[in-house]
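The values are calculated or read from the model by the stated rules, or taken from the named source; none is laboratory data. Given the structure is predicted, the values throughout are model-derived calculations rather than measurements. For neighbour counting, all protein chains shown are included, and Cβ atoms are generated from backbone atoms with ideal geometry for every residue, glycine included.
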Amino acid sequence: MTNSSTKNKVLWAIVTVLVLIYALFPVLSILATSFKSPSDLTSGKFLPSSGAATTSNYEQILVGDAQGLFLSALRNSIGISLIATFIAVVLATLCAYAIARLDFPGKKLVLTTALAVSIFPVISIVTPLFNLWRTIGLYDTWLGLIIPYLSLTLPISIWTLAAFFRQIPWELEQAAQVDGATTWQAFRKAIVPLAAPGVFTTAIIAFFIAWNDFVYGISLTSTEAARPVPAALAFFTGASQFEAPTGAISAAAIIVTIPIVLLVLLFQRQIVSGLTSGAVKG
Amino acid sequence: MASITLNHLVKKYGDGFPAVNDVSIDIADGEFIILVGPSGCGKSTLLRMIVGLEDITDGDLLIDGQRVNDKAPRDRNLAMVFQNYALYPHLTVYENIAFPLRLAKGKHSEDQVDKLVTEAAATLELTDHLQRKPANLSGGQRQRVAMGRAIVRQADAFLFDEPLSNLDAKLRGQMRSEISQMQRRLGVTSVYVTHDQTEAMTLGDRVAVLKKGELQQIASPRELYEQPVNLFVAGFIGSPSMNFLPATLEGTTLKTAIGDLQIPEGKAAKAAGKKVVLVGVRPEFFEDAKLVEDHKMSNGSTFTATLTHTEWLGNEQYGYINFDPAPEMRELLNSLARDMDADELRPQVVVTLDAASRIRGGREAEIWLDTRKLHLFDAETGENLTRDAEAGAELTREASEERAEELANAQQSGEGQGHGGGFGSGTSGQAGGSPVDAGPGRAGGATAAGGKHSAG
């Protein structure tokens, strides 16, 4: 027994390490590249050559030439993604709650429509949206991106949250009502705390989707007024036209990754914790 | 504390199916009412109608004389204990119990909340667990937290929806007596839904038996047991359940599949004119004829039968006699079994014999039957032809007197009496059955055995 379990552990360790390397190698490579000087980029080595490691790429995008391009894009990305996530989660919470709890005609229709919308290829909507947005004046505005992002984030939020709400015992809500709560209080005090892990998970997924979007970002914006980071990266230029902006793009990519990592670390407990255990017979 | 009146309550679902059909019950202040019946009989629906979680299609629900049909659950001031406890998993035990108090904003100061919660926790022996989360509690502790939430807010009535069905058999017995004592001590009106008849018999002041949404009979456990109103109640109450034998009546002789029985003239007269009747005999009405004292012999009738097998339980033993009814009677027995959630078993008679009896399976034996106690049922309507309504009412009246006395005692002494319910000994009136034990002692044993059966 002990023999096989040690063997198992070793096997698992090897698999884990392999997967970690596979997943993290590109990130590490970008991290290493972001510290390379322009002349060092083509050295063919993984790490910057010794003594040549530089933070000039970060300086360039944060305080240097590319500052205007990058910082405004970062601000746009954070703002637009947060607003889109917030609206999506609030709407999806109410919608999913209704779907999970109430019996109303057209319930299936709402769910299938949501699914259909999320299946629809983004690229096929971009051109009509571009024309429409220009006509009604939403082109190159935050709102002009938030609305299409909602169409991406809402369906998946509704689906995940509906599945989550279905697991929460309805008796809890009824118990709260008998205990003296109004419908709204029962929802807020008995259901929302239980749904929190689900809501956080959904919020993070929605945020990722909005944060990572490139197609809408590059098609529906033209200036720094609304251009998000993924699109802005494409507009980076080197010091001269013969110099690739690889270092700066890498630095920007690392900075863009940080909020995502922070989010996951911060809400790790809420994502993981199974709060519902013990609500009912265990 | 309040009285609750159910006045011709009807619950119809969208498809017009009446889950609860014309149920009227008067629940007195401080009374403990049990709703019992096979699954799908509407007992839970009825409870949820009282608490306000189900709409009332028709009829009136009065709490302390006030019509509350259209009031939201929170305005009815009732407390409910759910089958799955419905504890709030994100709150500690303390906050779970305090939850109803916190909802009533402004009514209680922080000190008052603390005092009430601490008191409730002390009553339920939860003081050590106040800071734990429900997930870390055992089933019995969770159940007590759920009750704590009910008692902390001084509700007008407690409603229990099969609160013990998720506990194991041993804990169930313990919690049963705790609930019983708590109810007596607090003197709070309670309605309790269960499918477990041990709970029904031991806890209830009165038991309401429901079948397919209709109230069959509401009476003290003893009246239900001794004077059932129809076949369904007779078969549902008691474990092992009452035997039903198809028989034809000729004068005072009942011709049954297990032999001819002489019955008292009074009983025969009540069933006069009916060609075919069903004889209802509780297992303990039988006895090994050799062990029946001579002066009791004349109270009954003897017959010979071959037992297929016997089961010796220490304090008594069960014997089984197979019989073969006519096809149309078999159909009737099967439909009766279906009504009661049981499988369609081959027709057999269960007899309770004294533990000392040497009767064994496969041998012919002489068995005595106390014919004074058997009931005759109309084979078509299921109505009990030999029910003595006055005797039944007398039993229920006695029970209510006992209840009043117990309530007074429990509240006087400040803590519950060790003896919960007190109506469990449904098998008294047993005196003719056993020459070895005195009646009451044996009755207790039979109840315990019944408990084992229903738990399995």
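Here is how the numbers come out for the structure above:
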read-out	value
Hits in region B:57-86 - residues which are within 13 Å of chain A (Cβ to nearest Cβ), buried (at least 17 other Cβ atoms within 10 Å of the Cβ) and of a type outside the set (A, V, I, L, M)	B:P73, B:R74, B:R76, B:N77, B:F82, B:Q83, B:N84, B:Y85
Residue check, A:R188 among the basic types (K, R) and within 12 Å of B:L103 (Cβ to Cβ)	yes
Residue under evaluation B:R372, criteria (1) assigned by TED's automatic domain parsing to the domain that holds B:V350; (2) buried (at least 20 other Cβ atoms within 10 Å of the Cβ), criterion not met	(2)
Out of B:R149, B:R153, sole residue that is touching a residue at least 60 places away in the same chain (Cβ under 8 Å), within 9 Å of another protein chain (Cβ to nearest Cβ) and in a loop (DSSP other than H, G, I, E, B)	B:R153
Enumeration of residues in region B:217-230 that are touching a residue at least 24 places away in the same chain (Cβ under 8 Å) and assigned to a strand (DSSP E or B)	B:I218, B:A219, B:N230
Pairs where the first residue, in region B:40-51, is under 10 Å from B:P73 (Cα atoms) and the second is β-branched (V, I, T) and part of a helix (DSSP H, G or I), C-beta under 6 Å, 6+ apart	B:V51/A:V178
Elements of type helices (runs of 4 or more DSSP H) contained in region A:171-244, each with 1 or more residues being modelled with pLDDT under 85 and away from every other protein chain (no Cβ under 14 Å)	A:192-212, A:229-233
Strands (runs of 3 or more DSSP E) enclosed by region B:1-70 - at least 3 residues per element that are farther than 20 Å from B:V81 by Cα	B:4-12, B:18-27, B:58-63
Odd one out for A:L138 among (1) out of contact with any Asp or Glu (no Cβ under 9 Å at 6 or more places or on another chain); (2) part of a helix (DSSP H, G or I)	(2)
Residues of region B:234-256 that turn out to be closer than 24 Å to B:E316 by Cβ and assigned to a loop (DSSP other than H, G, I, E, B), as a count	6
Verdict on B:E125 being over 21 Å from A:E173 (Cβ atoms), of a type in the set (D, E, K, R), away from chain A (no Cβ under 14 Å) and in a helix (DSSP H, G or I)	no
Residue list for region B:275-291, restricted to those being surrounded by 17 or more Cβ atoms within 10 Å (Cβ to Cβ) and more than 13 Å from B:V351 (Cβ to Cβ)	B:V277, B:L278, B:V279, B:G280
Selection status of A:V89, crowded, with 16+ Cβ neighbours inside 10 Å and either under 24 Å from the mean Cα position of the chain (by Cα) or β-branched (V, I, T) (or both)	yes
Some residue of region B:167-187 being within 12 Å of chain A (Cβ to nearest Cβ) and either modelled with pLDDT under 90 or not in a helix (DSSP H, G or I) (or both)	yes
Any hit, region B:316-325, residues being assigned to a loop (DSSP other than H, G, I, E, B), closer than 23 Å to B:I237 by Cα, touching a residue at least 24 places away in the same chain (Cβ under 8 Å) and among the hydrophobic types (A, V, I, L, M, F, W, C)	yes
Some residue of region B:87-110 being in contact (Cβ under 8 Å) with a residue 40 or more places away in the chain, within 14 Å of another protein chain (Cβ to nearest Cβ), under 28 Å from the mean Cα position of the chain (by Cα) and within 27 Å of B:G173 (Cβ to Cβ)	yes
Residue, farthest from B:L369 (Cα to Cα), within region B:257-296, restricted to residues that are part of a helix (DSSP H, G or I) and not charged (D, E, K, R)	B:A269
Search result, residues across region B:335-355 that are modelled with pLDDT under 75 and not acidic (D, E)	B:A342, B:L345, B:R346
Criterion violated by A:F165 - all others in (1) more than 14 Å from chain B (Cβ to nearest Cβ); (2) within 17 Å of the chain's Cα centre (by Cα) satisfied	(2)
Residue list for region B:40-56, restricted to those being among the small types (G, A, S) and within 11 Å of another protein chain (Cβ to nearest Cβ)	B:G52
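Okay, residues lined up against (1) in a helix (DSSP H, G or I); (2) at pLDDT 50 or above; (3) of a type in the set (K, R):
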| residue | (1), (2), (3) |
| --- | --- |
| B:R397 | yes, yes, yes |
| B:E402 | yes, yes, no |
| B:L407 | yes, yes, no |
| B:H419 | no, no, no |
| B:G422 | no, no, no |
| B:S428 | no, no, no |
| B:G445 | yes, no, no |
| B:A449 | yes, no, no |
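Yes/no per residue for (1) of a type outside the set (D, E); (2) crowded, with 16+ Cβ neighbours inside 10 Å; (3) in contact with a helix residue (DSSP H, G or I) (Cβ under 9 Å, 6 or more places away or on another chain):
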residue	(1), (2), (3)
A:L115	yes, no, yes
A:I119	yes, no, yes
A:T153	yes, yes, yes
A:W159	yes, yes, yes
A:F165	yes, yes, yes
A:E171	no, yes, no
A:Q177	yes, yes, yes
A:G180	yes, yes, yes
A:W184	yes, no, no
